[in-house]
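As structure tokens, the structure follows; a few thoughts come after it.
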Amino acid sequence: MTDKTSLEFARDILANQPFSNLLGTEIHDFGGGKAEVSMPLRPEFQQQHGFAHGGAVGYLADVAMAFAGGSVLGDSVTVEYKVNFIRPGKGDRLIGRAKVIASGRTQAVVSCEIFTADSGVDGDTEKICAAAQGTFRKV
């Protein structure tokens, strides 16, 4: 039997999302109103200046927030979200860290910070590139 708050359960859900698989999205933390997801920042996900495309940043924010909201609501969908772009995203990958701000029986408001990360010999260097907030509703 699968525990609906387990990381394995979240990975199974992500594995059944063809678009997320296409982008190489991974989930690293899930449960208790929080989630962390990442995706590689491949050249195909960049705009003409070599920065992360806003669509890629928005996608990752949506996925991270949906998992965080889903960890308290169960099966849920995005009602709305907004993204504030803080600085150009450059690096090896994008990381989204989301947490539930408030939730009720059928709805959750969730915030997310999106970071770019560069891998180096001394570990990862992260820089925030965006902040998002969204509303998620139980199916």
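Where a number appears in this text, it was derived from the coordinates with a stated rule and is not lab data. In this text the structure is predicted, and so the values were computed from the model without any measurement. Every residue, glycine among them, receives a Cβ derived from its backbone with ideal geometry; neighbour counts consider all protein chains shown.
Taking a cut-off of 20 Å between Cα atoms, list the lysines near LYS82, but don't count ones fewer than 8 places away on the same chain. Once the sequence-local lysines are set aside, what remains near LYS82 is LYS34, LYS99, LYS127, LYS138. With the helix formula -39500 (n - 2.57) applied to DSSP H stretches of n ≥ 4, the chain reaches a computed 222 nm mean residue ellipticity of -8000 deg cm²/dmol.
Across region 47-60, coupling constants 3J(HN,Hα) worked out from phi with the 6.51/-1.76/1.60 Karplus curve, θ = phi - 60°, read 8, 4, 8, x, 9, 4, 5, x, x, 5, 5, x, 4, 5 Hz, and Gly and Pro carry x.
Once both labels are positioned 7 Å from their Cα atoms along Cα-to-Cβ, the gap between VAL109 and ILE86 label points is 2.0 nm.
Sorting THR135, THR25, THR106 by the number of Cβ atoms found within 10 Å of their own Cβ, with the fewest placed first, yields THR106, THR135, THR25.
Taking the Cα centre of the chain as origin and charging only Cβ (+1 Lys, Arg; -1 Asp, Glu), how large is the dipole, in debye to the nearest 20?
Details: 14 positive and 16 negative charges, 103 e Å.
The dipole of the chain has a size of about 500 debye.
The label-point distance for THR135 and LEU7, in a model that sets each label 7 Å from Cα toward Cβ, rounds to 3.3 nm.
Taking springs between alpha-carbon atoms closer than 10 angstrom, which of LYS99, LYS34, LYS127 fluctuates most in the Gaussian network model of the chain? Of LYS99, LYS34, LYS127, the most mobile in the Gaussian network model is LYS127.
Here THR78 and ASP118 are evaluated by their C-beta separation; at R0 = 41 Å the FRET efficiency comes out at 0.90. Taking amide hydrogens as placed 1.01 Å from N in the peptide plane, the amide H of HIS53 sits under 5 Å from those of GLN46, GLN47, each at least 5 positions away in sequence or on another chain. Sorting LEU22, LEU14 from the fewest to the most surrounding beta carbons within 10 angstrom yields LEU22, LEU14. Taking amide H as placed 1.01 Å from N in the peptide plane, ASP29 has its amide H under 5 Å from the amide H of GLU36, each at least 5 places away in sequence or on another chain.
Each residue of region 14-26 is assigned a 3J(HN,Hα), and the resulting list reads 4, 5, 8, 10, x, 5, 5, 5, 4, 7, x, 6, 10 Hz, derived from the Karplus form 6.51 cos²θ - 1.76 cosθ + 1.60 (θ = phi - 60°), x at Gly and Pro.
Based on Cα contacts under 8 Å between residues 6+ apart, region 7-138 shows a relative contact order of 24 percent. Backbone amide hydrogens, once placed in the peptide plane, bring ARG93 within less than 5 Å of LEU41, ALA117, excluding anything fewer than 5 places away on its chain.
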